[in-house]
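Step one of this worksheet: look at the structure below.
The values are calculated or read from the model by the stated rules, or taken from the named source; none is laboratory data. For clarity, every value in this text was computed on a predicted model and none was experimentally measured. What goes into the accessible areas is simple: the full protein's heavy atoms, side chains included, and nothing from ligands, DNA or RNA. Shrake-Rupley method; radii C 1.70, N 1.55, O 1.52, S 1.80 Å.
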Amino acid sequence: RAQQGDNAAKTLLGLIYEGGYGMPRDYAAALSWYQLAAEGGDREAQYALGLMYLEGRGVVADRGRAADYFAKAAASGQVQAMYGLAMLHFDGGGAAGVDNAKAAALLGQAAAAGNSDAQFALGKLLAEGKVVARDDDAANQWLLAAARAGQIEAEVEYAIRLFNGAGIQKNEAGAADWFERAASVGNPIAQNRLARIYSAGRGRTADPVAAAKWYLLARAAGIGDTYLDTFVAGLTDAEREQATAAAQRWPN
């Protein structure tokens, strides 16, 4: 089908060669098939080429060429390419250079199309008010959308804003739910925040063993906390032993 001019088949062959699915990985063959499909207007091939040039996979890394391919794919509605191009515009990748307004517009398009990474990034921008006008309500809506889609950073950021009542009605129990969701898949920031919640009994019934368990997991991932150091040091030997055993069993 590819030899007969089917661009989707060309792109699929590129994917097969790039990933080494059922055959040895061959970046040169992947690049060749992607280029043929991209020249035929296939937006998925254009996006794939952009990623190869962005990451230097099988080619010399070239952010300018990555931006060019992302732009072609984005113009045809490839949502991930919109997000990738937005990130390049923010840091000046590609010939277009820094263009915060263009980047924000691309994020808006990708977010509206359901890309959770774009929703998170747009929510952060709106919360900070540096590139776009600050809008706490819109920020919270985008962060919640990304969190509901399983974007871990968004779960943590939304939980922080919910716990603090940042542009939204304060809800410590709801924040604890989001922290626990992110902590349960290994996010150390969420684990640290959840430890504090259990230690203080805010949003959850106070539970020193649970607090110590999450503290130990967060600390093992590199998150230090002087307050929790002191809190855990003040527990009984039995409580610390229970917490240590629970941390060792996690995530089972």
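List the lysines whose Cα sits under 17 Å from the Cα of K72, skipping any in the same chain fewer than 8 residues away.
Within the straight-line cut-off, K72 pairs with K102.
Taking the Cα centroid of region 130-181 and of region 195-252, what is the distance between the two, rounded to the nearest whole Å?
If we compute the Cα centre of each part, the gap is 24 Å.
Relative contact order (percent) for the chain, with alpha-carbon contacts under 8 angstrom and 6 or more residues of separation? If you can, show how the numbers build up before the last one.
Values: 412 pairs, mean separation 18.6, N = 252.
About 7 percent, as a whole number.
Measure off, as a whole percent, the carbon and sulfur share of the 1.4 Å-probe accessible area of the chain, all protein chains present. Let's see the in-between values first.
Working: 6100 of 12330 Å².
Percent of accessible area from carbon and sulfur atoms in the chain: 49.
The list (1) 15.5; (2) 12.5; (3) 16.5 gives values of mean projected area of the Cα convex hull in nm², and only one came from this structure; which label was calculated from it?
So the calculated entry is the one marked (3).
Would you mind pulling out the separation of the Cα centroids of region 108-123 and region 43-98, in Å?
Between the Cα centre of region 108-123 and that of region 43-98, the gap is 17 Å.
I need to check one value: relative contact order of region 10-107, counting alpha carbon pairs closer than 8 Å and at least 6 residues apart, in percent.
Across region 10-107, relative contact order equals 17 percent.
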